[in-house]
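Take a look at the structure set out below.
The values are calculated or read from the model by the stated rules, or taken from the named source; none is laboratory data. Quick caveat: nothing in here was measured; it's all calculated off a predicted structure. Reconstructed Cβ throughout: ideal geometry from the backbone, glycine too, with neighbour counts over all protein chains shown. Quick note on the areas: whole protein, heavy atoms, side chains included, nothing else; ligands and nucleic acids left out. Shrake-Rupley method; radii C 1.70, N 1.55, O 1.52, S 1.80 Å.
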Amino acid sequence: MAVKVIGLMELSDQAAFEQYRSQVGKTVEQYKGSIEHRGEITEVFWNELSIQAFSAFVELHFPSKKDAHTWANSPEYQSLALFASKQCDLPSLVWRSKRKSLVD
């Protein structure tokens with residue numbers, strides 16, 4: 001079953017992050033994934049989990065949870081993640097959707 005990986009980021013060095021961003025898509029595609037959406041966070045409606053501040057997000061799609069884990073633990077991504085961790089905070093969430101729409 002398909003899964004989404006959501007990355008929430010607080011950027012500390014925009015130029016360095018752009019370098020990371022220019023390379024990460026290739027690693028996602030290499031492991032059967034795709035970047036569905038990315039952008040700025042303009043407002044947070046609520047934060048009941050007290051997640052640290054974040055200003056950007058990315059939504060990745062993978063055909064399976066196994067594919068997402070394989071990508072996240074791959075040497076290609078891990079070398080980028082080490083670089084990114086010095087430039088931004090990047091907590092990530094993984095979920096599996098059972099519905100195609102919130103209004104189903």
Query raised in the report: Regarding SER12, is this residue in contact (Cβ under 8 Å) with a residue 24 or more places away in the chain, out of contact with any helix residue (DSSP H, G or I) (no Cβ under 8 Å at 6 or more places or on another chain) and open to solvent by 70 Å² or more (accessible area, probe 1.4 Å)?
Result: yes
Requested in this report: Kindly provide the set of residues from the range 15-37 that are open to solvent by 40 Å² or more (accessible area, probe 1.4 Å), under 15 Å from GLU76 (Cα atoms) and at pLDDT below 95, ordered by number.
Outcome: GLN19, ARG21, SER22, GLN23
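Can you name every residue in the range 58-82 that is among the hydrophobic types (A, V, I, L, M, F, W, C) and either surrounded by 16 or more Cβ atoms within 10 Å (Cβ to Cβ) or over 22 Å from GLU18 (Cα atoms) (or both)? Break it down stepwise before answering.
Narrowing the range 58-82 to residues among the hydrophobic types (A, V, I, L, M, F, W, C): 58, 60, 62, 68, 71-72, 80-82.
Passing the criteria: VAL58, LEU60, PHE62, ALA68, TRP71, ALA72, LEU80, ALA81.
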Query raised in the report: Which pairs have Cβ atoms under 9 Å, sit 6 or more apart or on different chains, and link a residue in the range 62-85 that is charged (D, E, K, R) to one that is crowded, with 16+ Cβ neighbours inside 10 Å?
Result: LYS65/VAL3; ASP67/VAL3; ASP67/TYR31; ASP67/GLY33; GLU76/THR27; GLU76/TYR31
Query raised in the report: Do we find that SER97 is surrounded by 10 or more Cβ atoms within 10 Å (Cβ to Cβ), in contact with a strand residue (DSSP E or B) (Cβ under 9 Å, 6 or more places away or on another chain), hydroxyl-bearing (Ser, Thr, Tyr) and modelled with pLDDT under 85 in this structure?
Result: yes
